[in-house]
Structure formats: structure tokens, C-alpha cells
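In what follows, a single structure is set out as C-alpha cells and then discussed.
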Amino acid sequence: MTLETGLAQLGFDLLPVTPEGLLTSVGDILNFDKRQDRPNEKSYNPLEPLNLQALSPDTEALTHRGHIATRHTNDQGEEVRTRLVHLGLSRLPGDYRLYALPEAFSSIRNVSRNITCPHRVTLSFRNEPTGKQNADNDNKIKDLTKTVNSQMAILAPMAEDELKERKALQKGLLSKEFTIASMVLTVSLMTDKTHQKKDTQAAKESFSHAGLDIIPLKMNQPQALLSTLPFMMSEGLWSDCKKAGRVRTLKSSNLVNFFPLIMDFSQLKGGVLLPTMRQQISFFNPFTCGSDNQNIALTGGSGAGKSFLVQEIAETVYAMGGKVWILDKGASYKKLTLSLGGTYMTHANIFLNPFTHLGAMQSAEFEFVDDDGRPVDPMMEALDNITALFATIASPYVPLTAFQQSVLGDAIVTAWERKGHQVLVDDVRDALIEIAG
């Protein structure tokens, strides 16, 4: 199985690196512009060297102890100034899991712990030769065994614990459960002079809360920047990072926990822009989310934004050419309806008389049947429904007794026989008074 096939089976969508893509990637790092919200693909001239096409011609980079100050002119002719701050691991954590790295970018449990500026996490790694690692580990085991079985064990109290770890490592290497790998982790912050200290401190606190201690790479900013560029680590920069003490050795099973995976649901099918809890871009549309059921349930306290979210969904559906009907109880959607040129209907000027269409129903020439196909008297069905309606009006909280419903039904029939489809509620009241009198 090739690396590309393995990553594809895990759900990683891979694209071949083209000259245009390489130029765009390098340009977005070295010519960073915070006002740019998407990659602007650069054109490629095969007759010119790549290094002359990646950057703006007037690009300058000034190296400082704790950052690199860059300046260039963007495509709109505006001068852009940026400070690139690179941070690295101060030490490997004792306990770390794959789900911890997204927590470093943006914490779900504490929204104040997140990286406050555009950032980039670069992980460079390689597997070390297994044979050499086995030999080195065996030599360590021999030395530790001698120490533990001698009087020197008193002066080295941790030797026995290290021996157990070395034997477990030996077992894992022989069974090919894992291999020994090396890695270089770099966190790059794209900030400016005004916010540099605040953004750097926020990144350090966010990573520290997630279990990773990172520090600014003093006097190593150029090296850190070069290590984030494509193909640089394999061209001799790896040994340079090793001399600077930035290369960390660990098991391959632990290495995967440092992969910069956000693990957020990506929904880019259009709809309402709803950033995820990790501050990733996502869109929501119940009609295109892939489900066979478009119903949604929305709950929240007063003022939490329920109506606001539904308004956004309604605007999205309307903008896509859809039709929207809303049953509005609290007049939350009146302004939205009027601003979109819709029709807003209220009960203020609407009066319904349940007797209005009884005349047409009585004079109908066709036969009425129920769901089972049996003939029914439409007038009796309608009057039963009207009786239930008047019962609710007369006693909305306590149901009427059978006798009360019977008397109410007689009053409704009496009023109907007197005035037909022009019966009013007052006429039903008068009929009830007559029956009671």
C-alpha cells in the first residue's frame, strides 16, 4: 500500500503539487496578507526560476531575535507589513492524545483559550533506521542491566524504571508494533507589531493548557521559517535543526498524536455560515445536508438567538430561489418578511365565521363519504365540529360534560335554523338563554 492510498482510505483528499500550487503556498507564507481571505493562485512561467515567481519583487525580510518582520506590496498595490513569530516545543509531554491538539487551537471548554491570530502548524518527521535503533537500544539495556545488578543502583534510583521502559521498547521494535521516529514541530504566528506580544502569549497559554509547552525560538527564527517551506527539510535543514536541539525522538505510535488534524465536520454545501466550535468554516442547510429528513428542533433560552438563526436559514432558502412560510407567534419575523417583500398576515383584521360555508355544503349535489367510503351527513359532521369549537370558546380550560355539550349543540342547531349561514356567536348565546329560560 502506498502512502497516497493509505491517506485516501483515511479520508484525506490529496492533490498533486503543481508549479502553480507550490508558488501559491510559498507566497502565502512569505508574503502573508491578513486581508486576503482565500488563496490567490499565482501564474507560472516555465522559462523563469521558481524563486523569482513566488514573491512580490519588493519583498523584504528583517530578522530579529524573536520574530521576522516582512514587508511587501500586494496585488492591489497596498503595502503590507507582517511579523512572523515561530515557536517550538520546549520538551516532549509525558502524556498526550490526538484530540488534545485541536484543543490547543481553540478550546471548547474555555473559549478564552485560543490562538488569536492567523497561524500555521508544521510537522516534519521521518522514521529512523530500525536496525540502528535496535542496536542502540540493546546496548542501553546491557548497560542498565549492569547498573541495576551492581552497587551503582543506589546512585541511580531511576535505572530500574528506565530498564523496564527499554525492554518494553525492545519488545515493540521486534514485534514491529511501532518504530522510532524523529519530528520537528513548528508553530508559526502571523501577527503585527501592535498585537505581537498578546498573540504570542495567547498561543503559549492555549498550547500549555492542551499539554504542550511551546516557546519562541530565540535566534532561530530564520531556521524555523525555512523549516516550514516545502522540500527544505530534506535538503539539509534537518541536520541543522538537530544541531539546534529542535529534533525530538519518539515512537511512531506517539508521533501520530502530533498530526495537525482539527477533526471538525466540514460542511461546504452552501447555507448559513456557522463557524464550528473550533472556529472552522462550516455551512448549514437542512435541505442539502444529506439527510432524508429536513425537520430540525431548535431550543434555547430567551434571547439566545433562536429567531436569529431561523431568520438566517429563511434568508438562505429565499436567496436560493425557495419559498418560505413561517407561523410567527411573537412577531419575530415581521421585519424580515417586509424587508424581503413578503406578505405578513395577522389576526387583527381577520374574522372567521364557522357558519359561512354551511349553506353551500347543504346545497351540494354530490354525496359525502368518510374515509371508509360510507355516506355521511355533511351538516351533522360540520355541526359537530362547530359544537367542539364553541365548547372550547365557552370553557377553554375545563371540558364540558356530555349534558352541557348536548345543550350547546341544540342551541347551535336552533340558531342555524333561524338565520342560516349568517349566524353569529350572539345568536348562539341567545338560543342558549332561551333554552335555559
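Assorted remarks:
- With respect to (1) exposed (fewer than 12 other Cβ atoms within 10 Å of the Cβ); (2) among the aliphatic types (A, V, I, L, M); (3) part of a loop (DSSP other than H, G, I, E, B), the lone exception for L62 is condition (3).
- Considering residues of the stretch 135-159 that are part of a loop (DSSP other than H, G, I, E, B) and hydrophobic (A, V, I, L, M, F, W, C) only, the residue surrounded by the fewest Cβ atoms within 10 Å (Cβ to Cβ): M158
- When we screen L92, L101 for residues that are in contact (Cβ under 8 Å) with a residue 60 or more places away in the chain, under 20 Å from D213 (Cβ atoms), assigned to a loop (DSSP other than H, G, I, E, B) and of a type in the set (A, V, I, L, M, F, W, C), the only hit is L92.
- Residues within the stretch 211-231 that are over 19 Å from F125 (Cα atoms) and either assigned to a strand (DSSP E or B) or modelled with pLDDT under 90 (or both), tallied: 3
- Single condition G211 does not satisfy, out of (1) under 30 Å from Q36 (Cβ atoms); (2) within 26 Å of the chain's Cα centre (by Cα): (1)
- Residue ranges of helices (runs of 4 or more DSSP H) in the stretch 279-368 with at least 2 members at pLDDT below 85, surrounded by 13 or more Cβ atoms within 10 Å (Cβ to Cβ) and not aromatic (F, W, Y): 358-362
- Pairs are defined by a Cβ separation below 9 Å, a sequence spacing of at least 6 or placement on different chains, a first member in the stretch 20-39 that is under 20 Å from E78 (Cβ atoms), and a second member that is among the charged types (D, E, K, R) and surrounded by 13 or more Cβ atoms within 10 Å (Cβ to Cβ); the pairs so defined are T24/K42; G27/K42; I29/R120; K34/D192; Q36/D28; P39/D28.
- With respect to the conditions (1) over 28 Å from the mean Cα position of the chain (by Cα); (2) closer than 30 Å to I108 by Cα, P260 falls short on a single one, namely (1).
- For the stretch 99-131, taking the residues that are among the charged types (D, E, K, R) and more than 20 Å from S25 (Cβ to Cβ), the one that is surrounded by the most Cβ atoms within 10 Å (Cβ to Cβ) is identified as E103.
- Criterion applied to S253, S234 was being in the same structural domain as D213 (by TED's automatic domain parsing), touching a Gly at 6+ places or on another chain (Cβ under 9 Å) and under 30 Å from P93 (Cβ atoms), and the one residue passing it is S253.
- Pairs with Cβ under 7 Å, 6+ apart, first in the stretch 402-415 and of a type in the set (V, I, T), second surrounded by 14 or more Cβ atoms within 10 Å (Cβ to Cβ): I412/L383; I412/I386; I412/T387; I412/F390; I412/V428; V413/L383; T414/A431
The values are calculated or read from the model by the stated rules, or taken from the named source; none is laboratory data. These figures come from a predicted structure and were not determined experimentally. Backbone-built Cβ (ideal geometry, glycine too); neighbour counts: all protein chains shown.
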